[in-house]
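Reading through the structure tokens given below for one structure.
Every number in this text was worked out from the coordinates using simple rules, so none of it is lab data. The shown structure was predicted, so the numbers you read here are calculated from the model rather than taken from an experiment. Please note: Cβ atoms are built from the backbone with ideal geometry, for glycine as well, and neighbour counts cover all protein chains shown.
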Amino acid sequence: MGLFSFIKSAGKKLGLGGDDEAPDAEAVKKELASHDLGTEGVEVEVVDDKVVLKGAVKDQSAFEKAIVAVGNTLGIASVEAAELKVADAPAAEPVFYTVEKGDTLWKIAEEQYGKGKGPKYEGIFEANKPMLTHPDKIYPGQVLRIPPLD
């Protein structure tokens, strides 16, 4: 656990660089802070098209959301989080899903949780807030957190 892959050509554009250029560390740190995830103590480094996250977050949710928030950035191909720790607990292996053309949150819920579990899409939506603002606003290449079923 520690290195997570993303689609470099999909995501939110930060800064003034070209579409295939990774943003600088300051732009990524600002994007991460804009989501108010409790990541104030997280250090951000950009090495080529990889973001390296170091420090500590308050819980597993903040750990996963930090990875998704910076990974879903245009020009970023991977996020290394081996040195990102969860306060007072070891980080669990997160489950992520890369959106494909034609996907809906309902379809993703049925694929991840099983047939008849489409209504559980609301849990996926909630798990990806504030990066997602509406259940219908997902795009191919976007990586989503898939929370465990209660």
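At-a-glance table
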{"read-out": "Separation of the LYS117 and ALA87 label points, Cα + 7 Å toward Cβ, nm", "value": "3.1 nm"}
{"read-out": "Within straight-line cross-link reach of LYS29, aspartates and glutamates at Cα separation under 17 Å, skipping those fewer than 8 residues along the same chain", "value": "GLU21, GLU40, GLU43, GLU45, ASP48, ASP49, GLU64, GLU80, GLU83"}
{"read-out": "Mean ellipticity per residue at 222 nm, deg cm²/dmol - from DSSP H runs of n ≥ 4 across the chain, formula -39500 (n - 2.57)", "value": "-7500 deg cm²/dmol"}
{"read-out": "DSSP-defined beta bridges in the chain - what % are antiparallel, rounded to 5", "value": "60 percent"}
{"read-out": "Gyration tensor verdict on the chain (Cα atoms; rounded if a/c is under 1.5, prolate if a/b is larger than b/c, oblate otherwise)", "value": "oblate"}
{"read-out": "Local electrostatic count at ALA92 - Lys and Arg +1, Asp and Glu -1, tallied over other residues with Cβ under 11 Å", "value": "-3"}
{"read-out": "Of LYS8/LYS50; LYS58/LYS129; LYS13/LYS107; LYS8/LYS107, pairs whose Cα-Cα distance is over 19 Å", "value": "LYS13/LYS107; LYS8/LYS107"}
{"read-out": "Region 35-119: antiparallel DSSP beta bridges as a percent of all, rounded to 5", "value": "45 percent"}
